[in-house]
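*Asks:* Here's a structure for you.
Since every read-out is calculated from the coordinates, none of them should be taken as a lab result. Keep in mind the model is a prediction, meaning the values are calculated, not measured. All Cβ positions, even for glycine, are placed from backbone atoms using ideal geometry, and neighbour counts span all protein chains on display.
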Amino acid sequence: MRDSLLRHQDIKANDTLITIIFKMYLSLESVTKIAAWVNSQGYRIPSHKGERKYRVTDIRDILNEPQEAVSQELRYIVQKIFKANKHGSKIKEWDDKWRQ
């Protein structure tokens with residue numbers, strides 16, 4: 001598992017915002033901190049009035065929805081961590097499939 005996390009942690013120049021959000025969640029495990037960072041970098045989301053800043057719920061939705069821009073392994077790992085954190089789990093249980 002540790003190797004999988006390390007493999008996906010580094011943000012590359014050509015990463016999409018969606019990929020960056022997933023990678024940031026690996027280290028921060030906080031949608032609040034990610035939303036703050038995304039907004040500080042000037043990213044905006046379309047709204048009915050034009051554009052607006054990202055909200056915590058926007059980041060949460062991105063992490064919960066299937067994303068084609070992210071590898072299956074990265075999506076799986078982040079969603080497992082997100083669900084464990086959401087339920088207040090202190091000990092994260094991982095599928096044997098991703099252990100290394």
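*Asks:* What nm distance separates the two modelled labels at Val56 and Ser30, each placed 7 Å from Cα along Cα→Cβ?
*Replies:* Here the answer is 1.1 nm between the modelled labels.
*Asks:* For an R0 of 30 angstrom, estimate the FRET efficiency from the Cβ-Cβ distance between Ser40 and Lys86 and round to the nearest 0.05.
*Replies:* With a Förster radius of 30 Å, E is 0.75.
*Asks:* Ok, one more. Once you place label points 7 Å from the Cα toward the Cβ at Ser47 and Asn14, how far apart are they in nm?
*Replies:* Result: 3.4 nm between the two label points.
*Asks:* Taking 0.36 nm per intervening residue step and subtracting the Cα-Cα distance, what contour gain separates Asn64 from Tyr76 on full extension?
*Replies:* 3.3 nm
*Asks:* Name the residues whose placed amide hydrogens come within less than 5 Å of the amide hydrogen of Arg52, ignoring near sequence neighbours (fewer than 5 apart) on the same chain.
*Replies:* Counting only residues 5 or more places away or on other chains, the set is Ile45, Ser47.
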